[in-house]
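Below is one structure, written out as structure tokens; the observations come after it.
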Amino acid sequence: MPELPEVEIVRQSLEKKIRNKLVKKVIIRNRNLRIKIPSNFKSYFLNKEIIKVGRFSKYLIIFLSQGCYCIVHLGMSGTIHVLDNKKNNSFTNTSFYHSPYLPKKHNHIEIFFNNCKIVYNDPRRFGFFQIIKDDFQLKKRFNHLGPEPFSINFNLSYVLNSFKGKSKNIKNFLLDQKFVSGIGNIYASEILFLCKINPFKKASLLSENECQNIIKNSKKILLKAIKKGGSSIRDFKDISGSKGEFQKNFKVYLQAGKKCKNLGCSDRIKKIFISNRSTFFCHSCQK
DNA sequence: AAGAGGCCCTGATAGC
DNA sequence: TGCTATCAGGGCCTCT
């Protein structure tokens with residue numbers, strides 16, 4: 001589900017809800033996420049304050065008082081829900097008003113505050129919560145990831161240098177988090193359509209101008225998606241259950257068989273598979 | 001050693 | 001209705 005824009009939407013709404021709040025109670029219902037929840041997990045949250053909620057790439061970073069962090073990754077199907085406690089008097093489940101958006105199954109983690117609780121739901125359990133004990137470990141944790149598209153380090157010389165001598169196609173490069181972090185399968189297709197570059201094209205064959213376009217349009221697409229509240233296909237919603245709007249702006253993703261949206265093009269969008277990931281493009285516009 | 005593919009897991013949907 | 005097959009927004013691991 002979540003690429004950088006969706007995670008950023010979750011971050012923004014989550015921070016408003018839990019910043020500066022004290023954790024009163026934690027319930028773990030299923031420890032078997034992608035990274036197993038350790039037995040001492042609760043102690044890092046209990047009676048700690050949420051200093052802020054940050055993000056790098058597709059990872060949320062919960063800053064906990066006393067210098068610890070909790071990294072949250074939503075995997076493919078993870079969602080975070082906030083439920084307000086309008087009675088404000090106890091921590092039993094029934095004291096929280098029912099949220100119509102909260103699924104009945106797969107609510108693995110619940111973190112309680114005085115007047116609300118957050119619930120982590122993840123049917124496929126590809127996501128995780130991971131405690132990071134200090135700044136050094138935090139830096140190390142993200143060491144293998146490339147710059148975000150917004151970073152000044154994601155520039156022409158970096159891109160040209162990364163592509164040099166490589167046989168990998170550009171679609172796989174955009175999905176490679178070591179190269180650039182935060183782009184996933186939806187936005188990779190959208191970016192390449194905007195750049196008019198064929199997803200199969202070997203990155204080393206891209207012109208300087210095409211590389212500039214990749215940089216420019218990666219920023220453009222992700223920023224626009226954030227502005228629209230992310231993309232909601234299937235089940236992405238923000239923490240209060242509102243859907244994003246960017247899926248209405250998809251030019252190629254999930255548009256197989258439909259007419260290309262470029263003016264004057266009468267071709268239809270094709271769906272193909274590259275490295276087992278669905279890829280959408282216009283054969284006429286993307287060379 | 002770069003790069004492709006399999007795999008972790010459950011649910012929704014399509015087709016019979 | 002109910003079975004089976006396929007696919008899904010990620011990322012790590014293994015094999016070639």
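The values are calculated or read from the model by the stated rules, or taken from the named source; none is laboratory data. Please read these numbers as outputs of a predicted model, since none were measured by experiment. Reconstructed Cβ throughout: ideal geometry from the backbone, glycine too, with neighbour counts over all protein chains shown.
Odds and ends about this structure:
- So residue A:158, is it farther than 29 Å from residue A:81 by Cα, part of a helix (DSSP H, G or I), of a type in the set (Ser, Thr, Tyr) and modelled with pLDDT of 95 or more: yes
- Residue in segment A:31-44 that is within 16 Å of DNA strand B (Cβ to nearest atom), buried (at least 20 other Cβ atoms within 10 Å of the Cβ) and charged (D, E, K, R) present: no
Yes/no per residue for (1) under 24 Å from the mean Cα position of the chain (by Cα); (2) modelled with pLDDT of 95 or more:
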| site | (1), (2) |
| --- | --- |
| A:188 | yes, yes |
| A:195 | yes, yes |
| A:199 | yes, yes |
| A:202 | no, yes |
| A:219 | yes, yes |
| A:234 | yes, no |
| A:243 | yes, no |
| A:248 | yes, no |
| A:282 | no, yes |
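- Within segment A:218-232, the set of residues being touching a Phe, Trp or Tyr at 6+ places or on another chain (Cβ under 9 Å) and under 20 Å from residue A:282 (Cα atoms) comprises A:218, A:221.
- Scanning segment A:124-164 for residues that are buried (at least 16 other Cβ atoms within 10 Å of the Cβ), out of contact with any Phe, Trp or Tyr (no Cβ under 6 Å at 6 or more places or on another chain) and of a type outside the set (A, V, I, L, M) gives A:125, A:127, A:128, A:129, A:130, A:141, A:148, A:149, A:154, A:158, A:163.
- Test: residue in segment A:12-24 that is small (Gly, Ala, Ser), buried (at least 21 other Cβ atoms within 10 Å of the Cβ) and within 16 Å of DNA strand C (Cβ to nearest atom): no
- Qualifying position, being away from DNA strand B (no atom under 16 Å from the Cβ), without any contact (Cβ under 8 Å) to a residue 12 or more places away in the chain and not basic (Lys, Arg), among A:152, A:132: A:152
- Of the residues making up segment A:200-236, those that are within 14 Å of DNA strand C (Cβ to nearest atom) and surrounded by fewer than 22 Cβ atoms within 10 Å (Cβ to Cβ) number 7.
- For segment A:99-121, filtering for residues that are within 16 Å of residue A:31 (Cβ to Cβ) and touching a Lys or Arg at 6+ places or on another chain (Cβ under 9 Å) leaves 7.
- Selection within segment A:198-218 - assigned to a helix (DSSP H, G or I) and either in contact (Cβ under 8 Å) with a residue 12 or more places away in the chain or among the basic types (Lys, Arg) (or both): A:203, A:204, A:208, A:210, A:211, A:212, A:213, A:214, A:215, A:216, A:217, A:218
- Restricting attention to segment A:176-192, the residues being in a helix (DSSP H, G or I) and surrounded by 20 or more Cβ atoms within 10 Å (Cβ to Cβ) number 7.
- Residue that is farthest from residue A:158 (Cα to Cα) [pool: residues in segment A:239-251 that are within 11 Å of DNA strand C (Cβ to nearest atom) and of a type outside the set (Phe, Trp, Tyr)]: A:243
- Test for residue A:52: is it assigned to a strand (DSSP E or B) and farther than 22 Å from residue A:102 by Cβ: yes
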